[in-house]
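Below: the structure, in structure tokens.
The values are calculated or read from the model by the stated rules, or taken from the named source; none is laboratory data. The structure displayed is predicted, hence computed values, not measured ones. Cβ placement follows ideal geometry from the backbone for every residue including glycine, while neighbour counts extend to all protein chains displayed.
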Amino acid sequence: MLRFMPVGDSMTIGSAGEHTWRYRLWQHLRDSYDGPFTFVGPREELYDKSTEAPTSYAYADPAFPRRHLAGWGEGWLHMAPLIGEAVRAHRPDVLLISLGLIDLGFYTNAEQTAENVRAFVAGARETNPRLRMVLLPVIPNIRAEADASFADQVDLFNVLLAKTVADLDEPRSPILLASWPESYDIHADTYDGTHPNADGEHRIAQAFAGAMWEAWGIGQAYAAGTS
């Protein structure tokens with residue numbers, strides 16, 4: 001069985017009442033991958049905005065493997081110390097990673113964030129030297145439209161992320177840099193300028209699915225308009 005672990009911040013954990021891009025990707029792989037698979041990780045909850053904590057299980061459709069390693073307000077800085085134990089305990093084959101916006105917004109600059117990417121990869125590989133990873137570039141949010149210095153940091157980090165992936169990619173533990181989600185528009189694909197609505201969930205899932213299909217032959221091309 002192929003075991004995927006979604007790793008991310010608020011865009012990955014999602015909040016009460018949402019499907020999440022994790023669900024959209026599961027739905028796609030269910031219909032396109034010719035083999036057993038599941039999602040794994042130490043967490044299952046959604047973020048509950050009423051309690052300001054990850055205490056909700058109110059998925060729009062809970063009938064899918066909901067496990068993950070994602071947290072509202074967490075970034076590479078927070079996940080790097082956790083990933084080794086998460087890989088040991090839950091034995092993923094593939095990490096699906098969407099991190100960086102929180103780091104750049106609140107904790108570290110682009111160069112420091114890139115160093116935390118390296119620490120994360122090292123920690124994951126220390127536990128499983130054959131682990132595969134797919135990394136999503138940071139999608140600028142609405143803050144980047146009004147804050148030029150923040151936008152510059154996002155752009156710089158994405159350049160550094162591409163270089164980091166090129167440096168760390170190796171045959172026994174390949175790392176893919178997914179393409180930017182196709183036609184992603186924060187005004188149409190999010191509900192608040194940051195967090196994906198249903199259309200945004202599909203576009204993020206499509207980015208991960210496309211990378212795995214093109215590089216590894218997992219699944220198929222993502223079908224636009226999947227419900």
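Table for the structure above
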{"read-out": "Residue match in region 1-14 (condition: among the basic types (Lys, Arg), farther than 26 Å from residue 117 by Cβ and more than 13 Å from the chain's Cα centre (by Cα))", "value": "no"}
{"read-out": "Residues within region 159-180 that are over 16 Å from residue 124 (Cα atoms) and within 18 Å of the chain's Cα centre (by Cα), tallied", "value": "8"}
{"read-out": "Residue in region 71-86 that is surrounded by 15 or more Cβ atoms within 10 Å (Cβ to Cβ), within 21 Å of residue 181 (Cα to Cα), among the β-branched types (Val, Ile, Thr) and at pLDDT 95 or above present", "value": "no"}
{"read-out": "Scope region 139-193; condition surrounded by 16 or more Cβ atoms within 10 Å (Cβ to Cβ) and part of a loop (DSSP other than H, G, I, E, B); matching residues", "value": "139, 140, 141, 174, 178, 181, 184, 186, 189"}
{"read-out": "Which listed residue, of 110, 124, 60, is touching a residue at least 40 places away in the same chain (Cβ under 8 Å), within 27 Å of residue 216 (Cα to Cα) and of a type in the set (A, V, I, L, M)", "value": "124"}
{"read-out": "The lone exception for residue 114 - which of (1) surrounded by fewer than 15 Cβ atoms within 10 Å (Cβ to Cβ); (2) closer than 30 Å to residue 185 by Cβ; (3) aliphatic (A, V, I, L, M) it fails", "value": "(1)"}
{"read-out": "Residue match in region 214-221 (condition: under 25 Å from residue 108 (Cβ atoms) and either modelled with pLDDT of 95 or more or not in a helix (DSSP H, G or I) (or both))", "value": "no"}
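For (1) out of contact with any strand residue (DSSP E or B) (no Cβ under 7 Å at 6 or more places or on another chain); (2) among the hydroxyl-bearing types (Ser, Thr, Tyr), each residue gets a yes or a no:
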site: 33; (1), (2): yes, yes
site: 76; (1), (2): yes, no
site: 90; (1), (2): no, no
site: 105; (1), (2): yes, no
